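Below is one structure, written out as structure tokens, with a few remarks after it.
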Amino acid sequence: MGINDVKLFFFNKYIMTHISLINKFKILFLFVLVAVFSGSSFGQFSSEILQMNTIQKSQKVKTIPKLKIGAQAGYGYRFASIPYTTNSIMNRHLKKLKNNLSFGADFSYFFTNNIGVGIKYNAIVSHALTDSIFYSFADGVKYYNYLSELSNTHLFAPIIATQFFIVPKKHCLFANVGVGYVRYHNKAILFIASTQSNPIKDIVTIPKNSAAFFAEIGYDFFVHKSFAIGLQVSTLIELRKGKLIEPNNLSHIDISLGFRFYNM
């Protein structure tokens, strides 16, 4: 073997060694790329799973309120009928008294997620003022320059309270029922103008106590984790013999805007 053959042998070995190293580096480089890609994909997938779990946990109702305090105000309408009379002015006066301002308050304690007990106060109040009117008494009809009449009905009742939260917890449906005590009071003040400094005044009062069934259903929207605003429809049915629309029946229905505090 000549010197040239030796040089050629070592040159070929050098070339083969470098080619082998290059192939190894290529394999290592590809392995690193695959590892990096797999790690980034797995990390992204893991973060997505963690994010989904976080969203699901946030959507769940973590705490159910045990106490609820509410107040409401709105419009009420009495079912009582208007006694038959040929006096159109008196008819209009009595129709005014069928339309009422409604307001109330309640306090509830929940011993499960959906069922509890509480106390309910509900009231409707109406006022009518009419000029030049004839008012009927047992001994006859009398003319007055004007009549001012104030009518109010107040309910105090223990209730069974229910609530159903919708996930995510931004909405709540609720319903309450109960039987309680009703107090009714009507005061009519009739004036006759005179030449004297003080006019002639007659006062007629009608008190009444009764029992009634109360029910309501409503919806709350949470503007804060502990404070909600909503709408509700309530009804009071007097528990007595006779028709629902009798003139002295205290039954009524109302629709109110409510404000409620939940102890989250």
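The values are calculated or read from the model by the stated rules, or taken from the named source; none is laboratory data. Source: prediction; values computed, not measured. Here the Cβ is made from the backbone with ideal geometry for all residues, glycine too, and neighbour counts use every protein chain on show.
So is I206 hydrophobic (A, V, I, L, M, F, W, C) and either under 30 Å from F79 (Cα atoms) or in contact with a Ser or Thr (Cβ under 7 Å, 6 or more places away or on another chain) (or both) or not? Steps first, please.
Values: hydrophobic (A, V, I, L, M, F, W, C): yes; either under 30 Å from F79 (Cα atoms) or in contact with a Ser or Thr (Cβ under 7 Å, 6 or more places away or on another chain) (or both): yes.
Taking the combined requirement at face value, the residue satisfies it.
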Which of the residues spanning segment 74-101 are surrounded by 13 or more Cβ atoms within 10 Å (Cβ to Cβ) and free of Cβ contacts under 8 Å to residues at least 60 places away in the same chain?
N87, I89, M90, N91, R92, H93, L94, K96, L97, K98, N99, L101
Unique match (being in contact with a Pro (Cβ under 8 Å, 6 or more places away or on another chain) and β-branched (V, I, T)) among I119, I124, I133
I119
Can you work out which of the residues in segment 136-151 that are small (G, A, S) and part of a strand (DSSP E or B) is nearest to N198 (Cα to Cα)?
S148
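Evaluate the following for N145: is it more than 30 Å from N87 (Cα to Cα), surrounded by 13 or more Cβ atoms within 10 Å (Cβ to Cβ) and assigned by TED's automatic domain parsing to the domain that holds Q72?
Working: more than 30 Å from N87 (Cα to Cα): no; surrounded by 13 or more Cβ atoms within 10 Å (Cβ to Cβ): yes; assigned by TED's automatic domain parsing to the domain that holds Q72: yes.
When the stated conditions are applied, N145 does not pass them.
In segment 207-214, is there at least one residue being without any contact (Cβ under 8 Å) to a residue 40 or more places away in the chain, farther than 28 Å from L101 by Cβ and of a type in the set (G, A, S)? First the steps, then the outcome.
Taking segment 207-214 and keeping what is without any contact (Cβ under 8 Å) to a residue 40 or more places away in the chain, we get 207, 209, 211, 213.
From what's left, farther than 28 Å from L101 by Cβ: none.
Looking for residues that are without any contact (Cβ under 8 Å) to a residue 40 or more places away in the chain, farther than 28 Å from L101 by Cβ and of a type in the set (G, A, S), one finds none in segment 207-214, hence no.
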Which one of these is loosely packed, with under 15 Cβ neighbours inside 10 Å, modelled with pLDDT of 90 or more, assigned by TED's automatic domain parsing to the domain that holds I82 and within 21 Å of K120 (Cα to Cα): L250, L173?
L173
Hey, among G178, G104, G140, which residue is in the same structural domain as S226 (by TED's automatic domain parsing), small (G, A, S) and exposed (fewer than 15 other Cβ atoms within 10 Å of the Cβ)?
G140
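Does I200 satisfy the condition of being touching a Phe, Trp or Tyr at 6+ places or on another chain (Cβ under 8 Å) and either free of Cβ contacts under 8 Å to residues at least 12 places away in the same chain or on the phi > 0 side of the Ramachandran plot (or both)? Working first, answer last.
Details: touching a Phe, Trp or Tyr at 6+ places or on another chain (Cβ under 8 Å): yes; either free of Cβ contacts under 8 Å to residues at least 12 places away in the same chain or on the phi > 0 side of the Ramachandran plot (or both): yes.
It is true that I200 is touching a Phe, Trp or Tyr at 6+ places or on another chain (Cβ under 8 Å) and either free of Cβ contacts under 8 Å to residues at least 12 places away in the same chain or on the phi > 0 side of the Ramachandran plot (or both).
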Just name the residue that is surrounded by the most Cβ atoms within 10 Å (Cβ to Cβ) out of those in segment 107-132 that are of a type in the set (A, V, I, L, M) and touching a residue at least 24 places away in the same chain (Cβ under 8 Å).
I124
Can L173 be described as aliphatic (A, V, I, L, M) and assigned to a strand (DSSP E or B)?
yes
